[in-house]
Amino acid sequence: MKAVAHDAKSMGLPLPAIPLPRSEADSSRYTDEEILAEARRLQEAIQQNQRWPISACLSIAPLTLEINRLKKENDVFLIAHTYQTPDIIYGVADEVADSYTLSKAARDAPQQTILFSSVRFMAETAKIVSPDKTVIHPSPEAGCSLSDGITAQDVRDLREQYPGVPVACYINTTAAVKAECDVSVTSSNYLRICERLPGERLIFVPDRFMGAHLQKALEGKKEVIVFDGECEVHAVFTGDKVRKWKKEIGSELSVLAHPECGADVLEEADYVGSSEKLIQEALRLGSENRPDVMLITECGTAERVLAESDNELNLYGACVMCRHMKATQLEDILQALRNPREDQIIEIEPEIIELAQRNLDEMFRLAE
Ligand code: 13P
Ligand code: SF4
């Protein structure tokens, strides 16, 4: 029996609408049999036959076939973050994971060209770790409220205010901000890395919620000075809402939350982890016959659990959609592969790359 999605009764937030092509895809290169086989492959992988009927899969199949053909022809490695839509994840991506694993995948990919389907800071990170590769980002306008909420000057000001204090930045920052910080951290390693930094004080930017989590975890060991940014998606959840859902759904419910949520939400959670770790935990609970699971995070996480679970799992969909992550559609990927515009090719000044690379090397060293 497979996973089933439920709306949280009090919130009623459904999964986002499925991303049908904006106009009819050109299918002239493929036979009807090839398109039908591809549509069936997509439907089988996505595992949501009602939301993704065969008619929808048939309309996107020419796009996935053409993207996969071009990727092969041009030796392109296509990386997608978990919050991308299932047609991208299961249709065309070579690697799907959380931001830490994707940074390593970008660093280690043998291909000379990477297409990064996600928000801008992740594509920039790929360019920093692989400066000699061509990194294509199909949606240059796809930002992030965290990375857009802090500038390199903000970090310089903090350094002036707190001389000699190490600065750790969440990976959700621009290359220019990374260049000003000592080390990046991600949702899968922020506790481990910050604990290992020298000294009794630490500046953490830009996520105030993750910063508060750090303050609590490092209490008595380190003072953590926190910047004032937040993720517009995870900020929507509150401890009150989670307590209400828990009461409605019952005591068997396991609440899994992303560390970009506020402290009151994390207090209610049974498990806190990166997007990838939340998926693994949900799958583990399913395999242990503990089927009632609520994911307090972006909706892409629930969509992957729905696709990848082999066990009975009642997923309570308290998810919120990230408009930036969902800005990219298959058509944008196809256009960027065929003929990328100048603004779709990541370019970063060499001095910024050099400094930001030092920052990310330090992350890889301290995370392992
Ligand atoms: P993960 O590293 O957990 O995938 O998080 C990235 C992100 O932007 C979450 O909002
Ligand atoms: Fe940024 Fe939040 Fe969207 Fe992640 S979910 S990309 S942190 S706005």
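The values are calculated or read from the model by the stated rules, or taken from the named source; none is laboratory data. Since we're looking at a predicted model, the values are computed, not measured. Backbone-built Cβ (ideal geometry, glycine too); neighbour counts: all protein chains shown. For accessibility, only protein heavy atoms count, side chains too; no ligands or nucleic acids. Shrake-Rupley method; radii C 1.70, N 1.55, O 1.52, S 1.80 Å.
Values as computed for the structure displayed
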{"quantity": "Residues satisfying the stated conditions in the range 298-326, i.e. within 16 Å of ligand 1 (Cβ to nearest atom), open to solvent by 30 Å² or more (accessible area, probe 1.4 Å) and either modelled with pLDDT under 90 or assigned to a helix (DSSP H, G or I) (or both)", "calculated": "GLU308, LYS326"}
{"quantity": "Hey, GLN43 in a loop (DSSP other than H, G, I, E, B) and either of a type outside the set (A, V, I, L, M) or open to solvent by less than 30 Å² (accessible area, probe 1.4 Å) (or both) or not", "calculated": "no"}
{"quantity": "Lone unmet requirement of (1) within 28 Å of GLU44 (Cα to Cα); (2) under 20 Å from the mean Cα position of the chain (by Cα); (3) more than 14 Å from ligand 1 (Cβ to nearest atom) for ILE346", "calculated": "(1)"}
{"quantity": "Filter result (open to solvent by less than 50 Å² (accessible area, probe 1.4 Å), in a helix (DSSP H, G or I) and away from ligand 2 (no atom under 16 Å from the Cβ)) within the range 95-119", "calculated": "ALA105, ALA106"}
{"quantity": "Test: residue in the range 107-114 that is within 15 Å of ligand 1 (Cβ to nearest atom), at pLDDT 95 or above and of a type in the set (Ser, Thr, Tyr)", "calculated": "no"}
{"quantity": "Positions within the range 283-299 being in contact (Cβ under 8 Å) with a residue 40 or more places away in the chain and within 11 Å of ALA257 (Cα to Cα), in sequence order", "calculated": "VAL293, MET294, ILE296, THR297, GLU298"}
{"quantity": "Residue list for the range 327-368, filter: touching a strand residue (DSSP E or B) at 6+ places or on another chain (Cβ under 7 Å) and either open to solvent by less than 20 Å² (accessible area, probe 1.4 Å) or assigned to a helix (DSSP H, G or I) (or both)", "calculated": "THR328, ILE333, ALA336, LEU337, GLN344, ILE346, ASN359, LEU360, GLU362, MET363, LEU366"}
{"quantity": "Set ALA282, ALA235, ALA302, ALA269: member being within 14 Å of ligand 2 (Cβ to nearest atom) and either polar (S, T, N, Q) or in contact with a strand residue (DSSP E or B) (Cβ under 7 Å, 6 or more places away or on another chain) (or both)", "calculated": "ALA302"}
{"quantity": "Residues of the range 131-148 that turn out to be crowded, with 22+ Cβ neighbours inside 10 Å and not aliphatic (A, V, I, L, M), as a count", "calculated": "5"}
